[in-house]
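Participant: Dropping a structure here in structure tokens format, bear with me for questions.
The values are calculated or read from the model by the stated rules, or taken from the named source; none is laboratory data. Quantities reported herein were computed from a predicted structural model and do not represent experimental measurements. Don't worry about glycine lacking a Cβ; one is built from the backbone with ideal geometry, like all the others, and counts go over all protein chains shown. When the accessible area is computed, the model is the full protein with side chains, heavy atoms only, and any ligands, DNA or RNA have been set aside. Shrake-Rupley method; radii C 1.70, N 1.55, O 1.52, S 1.80 Å.
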Amino acid sequence: MRSVRITVSTKYLPILLWVFVGAVAAAIPFGVLIGDPVLRQLLAPFSLHIANEKAIYSPAAYFVLLTACYLLERKMPVNPRDFLSASFRYDLLWYFGNVCFNLAFLGYFALWLNAFYQHYLSFLSIGGVGDWHPMARFALGVLLTDFTRWLSHLIRHKVPAFWAFHAVHHSQTELNIFTDARVHPVDTMVSTAIRFLPMMMFGNPVPVIMAWLVFETVYPKFYHANVRINLGPLRYLLVTPQSHRVHHGLDRIYRDKNFGFTFSVWDRLFGTQFADDTVYPATGIEGKAFPHESGTTPRSQLRSFARQLIYPFRSIAQPGVSSA
Ligand SMILES: [Zn+2]
Ligand SMILES: [Zn+2]
């Protein structure tokens with residue numbers, strides 16, 4: 001019997017893959033109510049609405065937002081590149097690695113943080129906030145959170161031990177919508193702790209905190225995208241793909257600039273905003289000691305992934321082994 005071979009041009013494979021992922025996302029009901037507190041924390045990055053202390057898990061909506069960011073990358077790229085380039089695949093590896101880490105630890109870590117705050121830090125809670133308008137509590141919680149994230153980002157650049165973990169995020173030379181996931185788990189734990197604290201101080205209910213965390217999960221995907229856009233006048237308020245690209249800039253003149261997470265106001269207030277908001281520099285980090293990814297096969301990418309996970313611990317144990 002003659003076998004029939006169906007050949008599909010490799011040109012269309014990425015499109016087929018994207019349609020397949022979209023179909024799987026759409027096949028899951030649009031909203032699945034999650035009542036379990038641990039699962040709720042875990043699924044926060046994929047949830048779009050929080051109601052009655054329950055997260056509504058919506059992979060389809062998450063997929064639509066990702067697709068919108070991706071279409072912008074295609075429409076106005078800084079550097080045109082293939083859909084499944086090696087660097088994009090490598091960031092996908094970090095994405096799935098971090099999803100596994102979050103599933104295993106982050107939900108419990110968030111619950112532990114909550115208990116820790118109630119037990120030891122409740123004196124930080126601002127008295128009488130119960131009488132304030134919920135919007136005022138939310139707005140102040142958001143502002144203080146964003147400020148502490150800006151400050152922690154600056155500290156993670158200035159303190160060598162913290163930089164060793166944060167360098168992993170900066171090592172990407174081709175920014176894309178998954179670069180926000182290229183974060184060492186220790187870096188994630190530090191930033192999660194910092195995110196919770198101010199919102200708790202203003203007595204914001206956990207669902208409100210989580211709704212904001214969802215925005216904070218999606219927005220960095222947009223500003224890590226390979227998109228040539230600086231948002232016009234909105235850049236004076238918000239971090240943009242242009243300003244965050246400068247933060248990742250390889251050249252020394254961009255070092256320690258634009259630390260903002262959501263709002264750019266802190267950099268403008270404290271003089272760390274890079275003045276030129278029209279440049280789109282090359283990205284990455286210097287440093288021969290840093291285990292930059294090498295090779296494009298799944299095996300070599302897994303090896304790089306393991307090396308980059310271990311690197312910060314090595315560089316702290318042996319200070320000679322550190323990047324620029
Ligand atoms: Zn940074
Ligand atoms: Zn970044």
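Participant: Name, by its number, the condition in (1) under 17 Å from residue 166 (Cβ atoms); (2) within 16 Å of ligand 1 (Cβ to nearest atom); (3) open to solvent by 10 Å² or more (accessible area, probe 1.4 Å); (4) assigned to a helix (DSSP H, G or I) that does not hold for residue 193.
Facilitator: For residue 193, the failing item is (2).
Participant: Kindly indicate whether residue 317 is out of contact with any Phe, Trp or Tyr (no Cβ under 9 Å at 6 or more places or on another chain) and either without any contact (Cβ under 8 Å) to a residue 40 or more places away in the chain or open to solvent by 20 Å² or more (accessible area, probe 1.4 Å) (or both).
Facilitator: yes
Participant: Output the residues belonging to the range 149-182 that are among the aliphatic types (A, V, I, L, M), surrounded by fewer than 19 Cβ atoms within 10 Å (Cβ to Cβ) and at pLDDT 90 or above.
Facilitator: Looking only at the range 149-182, we keep the residues that are among the aliphatic types (A, V, I, L, M), and these are 151, 154-155, 159, 161, 164, 167-168, 175, 177, 181.
Within this subset, residues satisfying the condition of being surrounded by fewer than 19 Cβ atoms within 10 Å (Cβ to Cβ) are 151, 154-155, 159, 161.
Hit for the range 149-182 is 154, nothing else.
Participant: Another question about this same structure. Considering each residue of the range 235-251, count those that are open to solvent by less than 40 Å² (accessible area, probe 1.4 Å) and farther than 19 Å from residue 215 by Cβ, and give that number. Reasoning before the result, please.
Facilitator: As a first pass, look at the range 235-251 and keep what is open to solvent by less than 40 Å² (accessible area, probe 1.4 Å): 238-249.
Filter once more, keeping what is farther than 19 Å from residue 215 by Cβ: 242, 245-249.
Looking only at that region, the number is 6.
Participant: May I pose another question? For the range 243-263, give me each residue that is within 13 Å of ligand 2 (Cβ to nearest atom), assigned to a helix (DSSP H, G or I) and either closer than 18 Å to residue 148 by Cα or out of contact with any Gly (no Cβ under 9 Å at 6 or more places or on another chain) (or both). Walk me through it before giving the result.
Facilitator: Within the range 243-263, the first condition is being within 13 Å of ligand 2 (Cβ to nearest atom), and the residues that meet it are 243-249, 254, 257-262.
Filter once more, keeping what is assigned to a helix (DSSP H, G or I): 243-247, 254.
244, 245, 246, 247, 254 - these are the residues of the range 243-263 that are within 13 Å of ligand 2 (Cβ to nearest atom), assigned to a helix (DSSP H, G or I) and either closer than 18 Å to residue 148 by Cα or out of contact with any Gly (no Cβ under 9 Å at 6 or more places or on another chain) (or both).
Participant: Additional query: Among the numbered criteria (1) open to solvent by 10 Å² or more (accessible area, probe 1.4 Å); (2) farther than 18 Å from residue 170 by Cα; (3) within 16 Å of ligand 1 (Cβ to nearest atom), which one does residue 254 miss?
Facilitator: (2)
Participant: Further question: Given (1) over 17 Å from residue 219 (Cβ atoms); (2) open to solvent by 20 Å² or more (accessible area, probe 1.4 Å), where does residue 188 come up short, assuming only one miss?
Facilitator: For residue 188, the exception is condition (1).
Participant: Applying the selection to the range 151-172, what residues are away from ligand 2 (no atom under 13 Å from the Cβ) and touching a His at 6+ places or on another chain (Cβ under 9 Å)?
Facilitator: Let us first name the residues in the range 151-172 that are away from ligand 2 (no atom under 13 Å from the Cβ), namely 151-152, 154-155, 158-165.
Passing the criteria: 163, 164, 165.
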